[in-house]
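Shown next, in structure tokens, is the structure this report addresses.
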Amino acid sequence: MIIDERPLTVGETSETGRLVLVGAPLGNAADASARLRATLTTADVVAAEDTRRLTRLARDLEIDVPGRIVSYFEGNEERRTPDLVDALREGALVALITDGGMPSVSDPGYRLVRAALDAGVPVTAAPGPSAVTTALAVSGLPADRFCFEGFLPRGGGARRGRLRELAAEPRTMVFFEAPHRVAACLADLAEAFGAERSAAVCRELTKTYEEVLRRPLGELAAWAAASPPRGEITLVVGGAAPADREAPAADEVRAAVARLEATGTTRRDAITAVAEEYGLRRREVYEVVHAAR
């Protein structure tokens, strides 16, 4: 397998190429899909966040990657993107793969996706594992409605400020965090959300030493402080209970209903949706909306 960092060129063709986002295994190569294998073995260009990880994955899967392999990571994506778009315009099948999970989800990819779409190039995916949904599913926390917050700010002050904004979020929340910041992050979460808020620390998902701790935030913060965890970490935190959230202003409720109605939702369905979002009874929302008439 040869890593080729020269300027990208492909044969002259009148057809536009295609960008394929490849969902890579989180750590267990057995999770690789048949489409991942097929895409890597047929792509003209494979842009990899870490070419060494790609080489190791190909070896584990016992496949050859005959296309040109180039690095594509946070440090060079701005410079590399125009070359990849040029290759796509010239007809290349370009596969983008990150270290694990779906490209562009807290990984390189969004810049290339946006540039390809702006250039009129088709973008598709060979779906694969996702640390976000995997952690959510095994956390034991409500998974019917959730939000993904990615990495919190690195600085303590900025992180605590962001968590204060999220303290009343009713949906289950998923965060990524670096191992050396997990203890401080959990302490800040316990302070902002309350020590009794349910949460889970998901470590090394799908790997040999996978570990999922399901405890209140206060206990998880104490655990991490005593024995800082290693490996790749995903945090899942339960949403705020209705009693923990400030009642929304009447104008806010009416505006939320109006926004849904503007998209074609019936008033009845809009009222139901807003009641669920704010943890209110449907009758309360109905009365607020009709009081303004």
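The values are calculated or read from the model by the stated rules, or taken from the named source; none is laboratory data. Predicted, not measured: the structure shown is a model, and the values here were computed from it. With ideal geometry, Cβ positions are generated from the backbone for all residues, glycine too; neighbour counts draw on all protein chains shown. Protein only, heavy atoms only, side chains kept; ligands, DNA and RNA dropped before computing areas. Shrake-Rupley method; radii C 1.70, N 1.55, O 1.52, S 1.80 Å.
If r is the Cβ-Cβ distance from Arg214 to Glu277 and R0 is 35 Å, what FRET efficiency results, to the nearest 0.05?
0.85
So if a site counts as exposed when it's one of the GluC sites (Glu not before Pro), its DSSP state isn't H, G, I, E or B, and it has at most 16 other Cβ atoms within 10 Å, what's the longest stretch of the chain without one?
75-195
Bin all alpha-carbon pair distances of the stretch 159-252 at 5 Å intervals from 0 and give each bin's fraction as a whole percent.
3, 14, 24, 25, 15, 9, 5, 3, 1, 1, 0
Of all DSSP beta bridges in the chain, what percent run antiparallel (nearest 5)?
Expressed as a percentage, antiparallel bridges in the chain total about 45.
Loop-only trypsin sites (Lys or Arg not before Pro) in the stretch 183-287, please: DSSP not H, G, I, E or B, and at most 13 other Cβ atoms within 10 Å.
Filter output for the stretch 183-287: Arg230, Arg281.
Which value, in Å² rounded to 10, gives the accessible area of Thr263 with a 1.4 Å probe and all protein chains present?
110 Å²
What number does the stretch 71-228 give for Rg over Rh if you use C-alpha atoms and the Kirkwood radius?
1.04
Take the alpha carbon gyration tensor of the stretch 38-129, find the square roots of its eigenvalues, order them as a ≥ b ≥ c, and report rounded if a/c is under 1.5; if not, report prolate when a/b exceeds b/c, else oblate.
Here the stretch 38-129 falls in the prolate category.
May I ask you to derive the FRET efficiency for Arg230 and Asp31 from their Cβ-Cβ distance with R0 = 22 Å, giving the value to the nearest 0.05?
The value I calculate is 0.55.
Please compute the length gained on full extension between Phe73 and Glu149, using 0.36 nm multiplied by the number of residues separating them and subtracting their Cα-Cα distance.
25.3 nm
If you roll a 1.4 Å probe over the chain with all protein chains in place, what percent of the accessible area is carbon or sulfur?
Carbon and sulfur together cover 48 percent of it.
If amide H atoms are built 1.01 Å from N in the plane of the peptide, which residues on other chains or at least 5 residues away come under 5 Å of the amide H of Val46?
Arg68, Ile69, Val70, Ala95
In nanometres, what is the gap between the two model label sites at Arg268 and Glu287, each 7 Å from Cα along Cα-to-Cβ?
Once both label points are built, they end up 2.2 nm from each other.
Given a cut-off of 35 Å, what percent of all Cα-Cα pairs of the chain lie beyond it?
Roughly 36 percent, rounded to a whole number.
What accessible surface, in Å², does a 1.4 Å probe find on Val85, ignoring ligands, DNA and RNA and rounding to the nearest 10?
Result for Val85: roughly 10 Å² accessible.
Label the stretch 1-158 by shape, choosing from rounded, prolate and oblate, from the square roots a ≥ b ≥ c of the eigenvalues of the Cα gyration tensor; if a/c is under 1.5 it is rounded, and otherwise prolate applies when a/b is larger than b/c, oblate when it is not.
Verdict is prolate for the stretch 1-158.
What whole-number value in Å² describes the accessible area per residue of the chain for a 1.4 Å probe?
I get 51 Å² per residue for this part.
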